[in-house]
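Participant: So that we are looking at the same thing, I have put the structure below in C-alpha cells.
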C-alpha cells in the first residue's frame, strides 16, 4: 500500500529517473555551450546574449500553441519525442564542433531547433506529474525532482569542466546528448494511464489559448505569482547571461573553475530542495517562495562583490558562495511553486496554463538575455549584475504586496 506521504512509486520512479537524466543533460550542455561560444568561438558580449536568447525564443513563436496542443495530445509520447529531438541536436552540435565547422550563428540556429522541442516537452512534463501523484504529494514529488536537479547541477558542471579541459567543449555536448536520448527511452517505458484527449475538431484552438491566459491572469493568487515570476525570469536571464562572461572572461576562472561555480549552485539547491516541503508546510508555500526570492536577491548582490584582484581562489570562494545561496533559494521555492500551480490548476487546463506562464516567462527571458549582453558591454559585468539584483528584489516585493502572501496548497479545491 502506498503511503499517503510519498508519491506513488509505479510511474513516478521512471519519470524521476528520466527527469534526472534531463537535468544532467542540461547542466553539462550548458557549460559546454558557454565554453564553446565564449572561449572557442570568441563571441562578444552581444553575441553571447543572442545565443542565450535563442534558447528561449521558441516560446515567442509556439509557446501558447504548444500548451493547447499538449492538452489535445497524449503527454508521454510528446515528452519522448521532445527528449529524443533535443538529444539529437546536442549530438549534432558535438559533431559539427569535431568537424570544426561551427559558427556562432550555426549554434544559434540549432539552439532554436532544440528550444522548439523543449517548449513542447516542458508543457508535457509539467502536465503529466499530476497523473502520477495525488495532489497532496505534489510538493513532495516536485521536491524529489528538485533534489535530482540539484545533484545533477552539483556533479555535472565539475565533471563537464574536467571533460572540456581534457577533450574540448564538444565532449560535454556529447554527454548531454546521450543523457537526453536515454531519458526519452525511459519515458517511453513509464506505465501511465492517460485519459483519451477530447476530439480536436470540437474545439477552437484560439479559444483554448485565451481560456488558459484568462485562468492565469484572472486568478486571485496565481496572477500576482505569475507577474512576480515574470520579473524573476527577467532578472535571472540578465544575471545568468553575464555570469559566464564574468567567470570565464573577467575573472579568468577557466572551464574547471566555472564548473565548480555552477556546481555550488547545485549543492545549495539540494539543501533547499530537501528543506522545501517542510518549510512550505510550516509557513505556507506562498511565504516559502517569497523567502526564496529574497535570498536570491542577496545571492546576486554577493556575486557582484566577487573580488577580481585577489587571485582565482578568492574569486572562486566568493562567487561559489553566491551561487550556493542562489541555488538554495531556487531549491526552496521551485517545489513549492510547482506544487502550488499544479494543485490549483484543473487537469484539463494544465497544458495551457503551464505553457501560458512559461511562454511569458521565456519571452521575458529572451529580452533579459539580450539586455544582459548589452548591459555587460555598456556597463560592465558588475553593473549588469547590480541591475539584475534590483529586478530580483522587485519580483519579491510584488509577491509580498499581493494576496499571494500566505497562500497554501491546502487552500486549493480537491
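Each value in this text was obtained by applying a stated rule to the coordinates, not by laboratory testing. All values derive from a computational prediction rather than experimental measurement. Cβ placement follows ideal geometry from the backbone for every residue including glycine, while neighbour counts extend to all protein chains displayed.
Participant: Do we have residue 252 as in contact (Cβ under 8 Å) with a residue 60 or more places away in the chain, part of a helix (DSSP H, G or I) and surrounded by fewer than 24 Cβ atoms within 10 Å (Cβ to Cβ) here?
Facilitator: Criteria not met by residue 252.
Participant: With respect to residue 152, determine if the residue is under 21 Å from residue 31 (Cβ atoms), crowded, with 21+ Cβ neighbours inside 10 Å and touching a helix residue (DSSP H, G or I) at 6+ places or on another chain (Cβ under 7 Å).
Facilitator: yes
Participant: Have a look at 329, 314, 303, 322 and point out the one that is part of a helix (DSSP H, G or I) and surrounded by fewer than 24 Cβ atoms within 10 Å (Cβ to Cβ). Break it down into steps so the answer makes sense when it comes.
Facilitator: Numbers: 329 fails: surrounded by fewer than 24 Cβ atoms within 10 Å (Cβ to Cβ); 303 fails: surrounded by fewer than 24 Cβ atoms within 10 Å (Cβ to Cβ); 322 fails: surrounded by fewer than 24 Cβ atoms within 10 Å (Cβ to Cβ).
One residue alone meets the criteria, 314.
Participant: Just to check your reading of the model, which residue among 394, 380, 406 is part of a helix (DSSP H, G or I), surrounded by fewer than 24 Cβ atoms within 10 Å (Cβ to Cβ) and at positive phi?
Facilitator: 380
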